[in-house]
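Take a look at the structure below.
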Amino acid sequence: MSYRFEKLADKWLVVKLRGGQEFMCECPKHEDLSPSLQFNVDKGLFVCFSCGWKGTARKLVQELGGQYSEPEIQRENLLRKISESLARGYSMSAVKETEPRRNESILRRSQLIKTPYWQRRGFSEQTVKEWELGYDVMSASATIPLYTFEKELIGLILRSTDPDFFPKYKYPKGFKKTHHFFGEHRLAENSPSSEPYSGGNRAILIEGATDAMSVWQALRESQEDEVGYFELGQYGAEISDFQVGLLKRYDIREIVEFYDYDEAGIKSGRITRQKVHDIIIRRVRYDKEKYCWRNPFRSDRNPKPCKCSRKHRPDPGMLKPAEIQEMIANARFVI
């Protein structure tokens, strides 16, 4: 097991003995024939039992003439977590023990009754068929099936057709949103590689399931899906550490950020760029002359709503297919 400050210790100190979290090192403040400086690589604290020099990792680096960078430490810590997750095989067996698996019959029942809801949302018959969309009579909700990478059915997302009902989406009990991407099963079905977890794939990261399907439909209309894009909904605004690991597991080499144009979506992109490394990132740009990310509605949290004439807080589902195609084609690389 590696610890948070282990690389820092190896870089700035001469480590003589490693014993769990406590490293014994030569003290750089004096001639140290036997290691007398103890460094805790989990907490980032040190003390020299010979000269009394002690402090934090920040103090150690700065007094030795270096520049301490907390983001760098956080990045190394995240990469360590990902490596440990890879070594454990992502503990998918543990996820399966607590996460539901459903019989295909519940999916077939949801498809017995046709609903105009999906057509009103702008989805074509081809999209409804491809994503197996349906309708649940008991809850009066549109349904979206949830699959694992291995295409095991977890259950159905229930999307209320009542615009005043909250919450809009209801997920199966026990479903771990942070451990999956919506649309991940298509990677196994359509990856150009013969290896199950290798394909050098390109993915478009989107916040939700319906937006992911909207982007899929737009690219299908332009034949762009043939170039290797996989639309992955991350079930929320913030990508989890586990999902970052999944990107590596699925051999994603390039991602396009296509988040909502609002406060949460802007934050999503910033977090993704902080967490994701060794993967090419491109980011779509909304037309600022046409769209505005600010909130136009007054509330306790937003006492000064935006009053500009632009369309506010758009998401991919609100855009026309041609606009989606153009935004992805012109997505800029993030350095």
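Structural remarks
- Residues located in the range 279-328, provided they are of a type in the set (Gly, Ala, Ser) and modelled with pLDDT of 90 or more: SER309, ALA322
- Any hit, the range 8-29, residues being surrounded by 17 or more Cβ atoms within 10 Å (Cβ to Cβ), in the same structural domain as GLN62 (by TED's automatic domain parsing), of a type in the set (D, E, K, R) and in a loop (DSSP other than H, G, I, E, B): no
- Within the range 271-287, the set of residues being surrounded by 13 or more Cβ atoms within 10 Å (Cβ to Cβ) and acidic (Asp, Glu) comprises just one member, ASP287.
- The single condition among (1) assigned to a helix (DSSP H, G or I); (2) modelled with pLDDT of 90 or more; (3) within 21 Å of VAL244 (Cα to Cα) that VAL128 does not meet is (3).
- Here ASP42 qualifies as within 38 Å of the chain's Cα centre (by Cα), part of a loop (DSSP other than H, G, I, E, B) and either surrounded by fewer than 17 Cβ atoms within 10 Å (Cβ to Cβ) or of a type in the set (Lys, Arg) (or both).
Residues checked against (1) outside the structural domain of PHE230 (by TED's automatic domain parsing); (2) surrounded by fewer than 15 Cβ atoms within 10 Å (Cβ to Cβ); (3) assigned to a helix (DSSP H, G or I); (4) modelled with pLDDT of 90 or more:
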| position | (1), (2), (3), (4) |
| --- | --- |
| ILE106 | yes, no, yes, no |
| ARG109 | yes, no, yes, no |
| MET138 | yes, yes, no, no |
| ILE157 | yes, no, no, yes |
| PRO167 | yes, yes, no, no |
| GLU195 | no, yes, no, no |
| LEU205 | no, no, no, yes |
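- Scanning the range 240-249 for residues that are surrounded by 13 or more Cβ atoms within 10 Å (Cβ to Cβ) and among the basic types (Lys, Arg) turns up at least one hit.
The values are calculated or read from the model by the stated rules, or taken from the named source; none is laboratory data. These numbers come from a predicted model, not from an experiment. Cβ atoms come from the backbone with ideal geometry, glycine included; neighbour counts cover every protein chain shown.
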